[in-house]
Amino acid sequence: MKDAVKVLQIGFTYIGTIVGAGFATGQEIIKFFTQYGKWGAFTILLATVLFIWLGTKMMLLAHDIKASSYEDLNRRLFGHQAGGLISIFTLVVLMGVNSVMLAGAGSVFMEHLGLHYQTGLWITMIGTYLLLHRGIQAILQLNSIVVPLMLILSIIIIGNTAGMPEASRFLTYTTDRSLSAAWASPLMYTAFNLGMAQAVLVPIGSHTRNRKVLIWGGTLGGLGVGFLLLAGHFALSAHMPGITQFEIPMGHIANHLGSIVRIVYVILIFLEIFSTFVADIYGVALQIKQRLRIGPKLLSLILLLVCYITSQFGFSSLLSVLYPLFGLFSLIWVIMLVLHRNERTT
């Protein structure tokens, strides 16, 4: 029973880490899948297989080498010196992505809750600071609440979309996008998200004693990500191409589900962004602690301040610049992960 709970916590945290700002709002789903029309559903299936395989492999490798942070994982994949340099680059990009997450929280508060953009930023930062010092267990517990609610609401959205005349568009919608680009997209998407998720999945792998729990947790997490991708793609396809004009497309779709469901869904979008932000800052802090002697409270304040300053540039602009850049780097990182042969340690 205890192992079953742990599997669920790991699976939900895996899902919650991937379902960040771009995913939960619908931006990522449109850019990587829905814009390719009928091919989106098939490429989502490929991405699901990759998430199950490579996410599990990453956690098992972290478990076997007893990694303290993702820097230990990078040193194993690329060698001591190159791995250290790559970890520094990863640190810089992760901070940029975390800024995107924070900006996304501000957008949710401004567009859908009628509050000031800065209010969303400060609520997110204060909540993150309070949770950071509770460690990986707090991250597991947070996602164990948020992710099941997101799965339930995704089912509601599927049911609502199924009754629309345009429901079948996810299988018939055509675009002028090339087929090669459509099939390359899930590779880039998976690579980017796993490259970012290493900040969370590595500590999970190293803190979990039972390998079978990691295997089942990784499988559950990958399947959950695939389900949410399909649910989002199904709903967004029915509203294409007009849905692309919105900063938070899934929030617009939630407007058609009634006022109560809309508010709950918008709050959950924020909570998904929040849970990913907390987990990523936690992973970055672990990596910095390996290099610098600095108190955890001061380190948390510094990281949050950096994210706050860079988040002032806006959500969509940061998303369009940082995601492709880190995606290209992550593709190389994933290739190294694929080629690496896990060897269990005793």
- Setting aside same-chain residues fewer than 8 positions from Lys297, which lysines have a Cα under 16 Å from its Cα? Lys289
- Query: Taking the radius of gyration and the Kirkwood hydrodynamic radius from Cα positions alone, what is the Rg/Rh ratio for the chain, to two decimal places?
  - Reply: 0.95
- What is the distance, in nm, between label points placed 7 Å from the Cα along the Cα-to-Cβ direction at Lys38 and at Gln245? 2.8 nm
- Task: Can you tell me the FRET efficiency between Leu130 and His80 if r is taken as the Cβ-Cβ distance and R0 is 45 Å, rounded to the nearest 0.05?
- Result: 0.80
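For the range 18-133, what is the relative contact order in percent, using Cα pairs closer than 8 Å and at least 6 residues apart in sequence?
Working: 57 pairs, mean separation 18.1, N = 116.
After rounding, I find 16 percent.
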- Task: Any chance you could run the full-extension gain for Gln141 through Leu113? It's 0.36 nm times the residue separation minus the Cα-Cα distance, nm to one decimal.
- Result: 7.5 nm
- Task: Provide the per residue accessible area, probe 1.4 Å, for the chain, rounded to a whole number of square angstrom.
- Result: 41 Å²
- Message: Springs between alpha-carbon pairs under 10 angstrom, Gaussian network model over the chain: which of Gln198, Gln81, Gln118 fluctuates most?
- Response: Gln81
- Taking θ as phi - 60°, what are the ³J(HN,Hα) couplings along the range 236-245 by the Karplus curve (6.51, -1.76, 1.60), each to the nearest whole Hz, with x for Gly and Pro? 5, 4, 5, 10, 6, x, x, 5, 5, 7
- Item | Rounded tilt (10° steps) of 315-339 against the dominant C-alpha axis of the chain | 50 degrees
- Note on the structure: The helix 296-311 Cα axis meets the longest alpha-carbon principal axis of the chain at an angle in degrees, between 0 and 90 and rounded to 10, of 40 degrees
- Query: Once the Cα atoms of helix 80-112 and of the chain are each reduced to a long axis, what angle between those two axes, in degrees from 0 to 90 to the nearest 10, is obtained?
  - Reply: 40 degrees
- Got a sec? Which residues in the range 236-252 would a label at Asp176 touch, if it sits 7 Å along Cα→Cβ and we count backbone N under 16 Å? 241
- Message: At 7 Å along Cα-to-Cβ for each site, give me the label-to-label distance between Ile155 and Phe89 in nm.
- Response: 4.3 nm
- Task: Among the trypsin sites (Lys or Arg not before Pro) in the range 109-215, which ones are in a DSSP loop with at most 15 other Cβ atoms within 10 Å of the Cβ? Mind listing them?
- Result: Arg134, Arg177, Arg209
- Item | Within straight-line cross-link reach of Lys212, lysines at Cα separation under 24 Å, skipping those fewer than 8 residues along the same chain | Lys2, Lys6, Lys57, Lys66
- Quick one: pull the percent of accessible area on the chain belonging to carbon and sulfur, 1.4 Å probe, ligands and nucleic acids left out. 69 percent
- Message: At a threshold of 8 angstrom on Cα-Cα distance, excluding pairs fewer than six apart, so keeping six or more, what relative contact order does the chain reach in percent?
- Response: 41 percent
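Report, in deg cm²/dmol and to the nearest 500, the calculated mean residue ellipticity at 222 nm for the chain, where each DSSP H run with n ≥ 4 adds -39500 (n - 2.57) and the sum is divided by the residue count.
Numbers: 15 runs with 278 residues, N = 346.
That comes out to -27500 deg cm²/dmol.
The values are calculated or read from the model by the stated rules, or taken from the named source; none is laboratory data. Keep in mind that what you see is a predicted model, and the values were worked out from it rather than measured. Glycine also receives a Cβ, built like all others from the backbone with ideal geometry; neighbour counts cover every protein chain displayed. In case anyone asks, the SASA skips ligands and DNA or RNA and just uses the protein heavy atoms, side chains included. Shrake-Rupley method; radii C 1.70, N 1.55, O 1.52, S 1.80 Å.
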